[in-house]
Amino acid sequence: MIDSKLLLQDFALVAERLRIKQVSIEILEDLQSAVLVYKKAKLELEELQAFQNKHSKLFAQYKQEGKDTTQLQQELEHNKQNRILVQLNVDEIEANLFELLSLVPNLPDMATPEGVDENDNVVIKEVLERPSFAFAPKEHWELAEQNGWIDFEAGVKLAKSRFSVLRGMAARLHFALIRFMLDHNQQAGFELAVTPAIVNAQMLFGTGQLPKFENDMFRITSPLDEEDWKNELYLISTSEITLTNLYNDTIIPADSLPILLTTQTPCFRKEAGSAGRDTRGMIRQHQFDKVELVAITKPEESAAMQQRMIETVSSLLSKLGLAHRLVQLCGGDLGFSASNTVDIEVWLPGQNKYREISSISNTQDFQARRAKIRYKDKGKNRLVHTLNGSSLAVGRTLIAIMENYQQNDGSIRIPQILESYL
């Protein structure tokens with residue numbers, strides 16, 4: 001959630017940064033007006049409360065001194081009725097403001113370039129040379145059918161389209177990759193955790209999935225009434241949700257920062273890509289496994305932490321011998337909660353293109369404000385910065401290995417570093 005104080009203090013700055021995310025100035029003007037209305041109503045309530053406090057003390061003094069309290073009692077009763085009405089108004093205005101704020105994305109930081117979509121993203125660098133083949137490399141779904149590794153028809157039979165079943169060596173590689181990734185992340189200083197694959201709506205609000213992206217989520221329970229929305233349950237779309245929200249509504253001791261976490265979970269997404277795109281294979285699935293990195297830091301340390309996380313993921317791909325590149329996302333391609341994102345794209349020779357396999361995002365204090373994650377600094381509570389990134393999407397890593405390690409006869413060589421995990 002953006003800082004409403006900053007909106008009032010420097011509207012031009014907020015408008016300029018959110019213009020990069022294609023947020024209209026009309027939306028921000030409505031939000032600014034809502035903030036001002038709230039502040040005015042809140043001030044009126046505070047004045048009535050101050051009157052109540054002052055005259056309550058005076059009432060007690062009059063009684064002790066035996067003075068007539070009739071008029072004072074009437075004034076207090078009248079003030080009380082006014083306070084009730086103003087409080088109801090404040091609550092209504094606050095709910096409206098909260099709803100408006102919850103739908104506004106995070107401000108891009110100064111390192112995020114302008115741009116409309118993925119075509120305006122900026123390549124930072126390429127890592128490792130792309131492999132060359134003496135034959136026309138096949139796509140992963142062709143190799144899967146030839147080697148009997150992935151059963152797409154079984155996935156449809158068991159569930160629906162965009163589900164699949166791994167068999168034999170593909171299944172062994174799937175679990176080998178998870179163990180390898182988690183070992184790598186722990187060696188890089190990230191603590192291993194195991195979290196649920198189901199969360200309540202309040203946690204999804206904290207990291208920014210709700211309310212804006214509710215249609216992308218698999219909801220598994222419905223509320224008894226509108227007031228009970230926080231207790232609705234959803235399947236997670238990423239373990240960023242669970243790892244970050246471990247500290248929801250928490251004040252963290254400063255000497256406990258940074259907190260570095262990693263885990264593996266299944267992830268579930270209704271929206272699995274654009275219609276007609278990646279319809280073959282398992283590039284875009286409704287269910288997939290992912291190993292995640294999450295960091296919670298002091299504000300002044302988050303930029304350096306983002307670089308550390310990028311290096312952790314890049315070195316993972318390098319150990320697997322997979323060519324990849326780092327891409328700075330432009331404002332138009334930036335996620336809702338992100339202030340800065342660097343995508344890591346792996347080379348897929350069958351497709352003859354780089355494809356995203358990880359996004360390392362710094363959300364700064366955006367998620368922390370929504371989820372009330374703070375740290376104690378010199379006696380004051382301050383908002384932390386939160387970061388997250390895939391390390392890696394397991395299915396896409398398997399696809400990358402299949403396409404990059406394919407042989408002329410259609411067989412697939414296993415990266416040496418994974419042999420001990422099989």
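Some values worked out for this structure:
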| read-out | value |
| --- | --- |
| Unit charges at the beta carbon, dipole of region 21-108: most positive-side option, Y62, V86, Y38 | Y62 |
| Under 12 Å, Cβ to Cβ, from I251 - net charge with Lys/Arg +1 and Asp/Glu -1 | +3 |
| Pairwise centroid distance, computed over Cα atoms, of region 344-377 with region 291-318, Å | 9 |
| Ranked by how many other beta carbons lie within 10 Å on average, peptides 178-187, 49-58, 25-34 from highest | 178-187, 25-34, 49-58 |
| 0 to 90° range, to nearest 10: angle between helix 302-319 axis and the chain longest Cα axis | 20 |
| Cα-centre dipole for the chain with unit charges at Cβ (Lys and Arg positive, Asp and Glu negative), debye to 20 | 760 |
| Those aspartates and glutamates that a straight Cα-Cα span of less than 19 Å connects to K298, excepting residues fewer than 8 apart in one chain | D3, D109, E191, E240, D249, D255, D365, D377 |
| 19 Å tail of the calculated P(r), region 260-341, as % of Cα pairs | 59 |
| Eligible lysines near K39 by straight Cα distance, threshold 20 Å, same-chain separation 8 or greater | K5 |
| Helix-derived mean residue ellipticity, 222 nm - over the chain, DSSP H n ≥ 4, -39500 (n - 2.57), to 500 | -13000 deg cm²/dmol |
| Å² of accessible area per residue within the chain, as computed with a 1.4 Å probe and no ligands counted | 50 |
| Coarse-grained scattering of region 1-128 at q = 0.13, 0.22 Å⁻¹, given as base-10 log I(q)/I(0) from a Debye sum over alpha-carbon atoms | -0.70, -1.19 |
| Distribution of pairwise C-alpha distances over region 225-384, 10 Å bins, in % | 9, 32, 36, 18, 5, 0 |
| Region 46-201, relative contact order in percent, only Cα pairs under 8 angstrom and at least six apart counted | 9 |
| Taking the C-alpha atoms of region 157-312, convex hull volume expressed per residue in Å³ | 153 |
| Taking all pairs of distinct alpha-carbon atoms in region 96-201, Kirkwood radius in angstrom | 19.7 |
| Coarse-grained scattering of region 173-223 at q = 0.15, 0.32 Å⁻¹, given as base-10 log I(q)/I(0) from a Debye sum over alpha-carbon atoms | -0.65, -1.21 |
| Relative contact order (%) - criterion: Cα under 8 Å, at least six apart; region: the chain | 21 |
| Degrees, to the nearest 10: 25-65 long Cα axis against longest axis of the chain | 40 |
| Packing-based order for 254-260, 155-161, using average beta carbon neighbours within 10 Å, highest first | 254-260, 155-161 |
| Nearest 10 degrees, 0 to 90: helix 169-187 Cα axis against the chain principal axis | 50 |
| Cα-only radius of gyration and Dmax that characterise the chain, units Å | 26.6, 105 |
| Shape metrics for region 315-389, restricted to C-alpha atoms - Rg then Dmax, Å | 16.5, 57 |
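The values are calculated or read from the model by the stated rules, or taken from the named source; none is laboratory data. These numbers come from a predicted model, not from an experiment. A quick note on method: Cβ atoms are made from the backbone with ideal geometry, for glycine too, and the neighbour counts reach across all protein chains shown. Heads up: the accessible areas ignore ligands, DNA and RNA and are worked out on the full protein's heavy atoms, side chains in. Shrake-Rupley method; radii C 1.70, N 1.55, O 1.52, S 1.80 Å.
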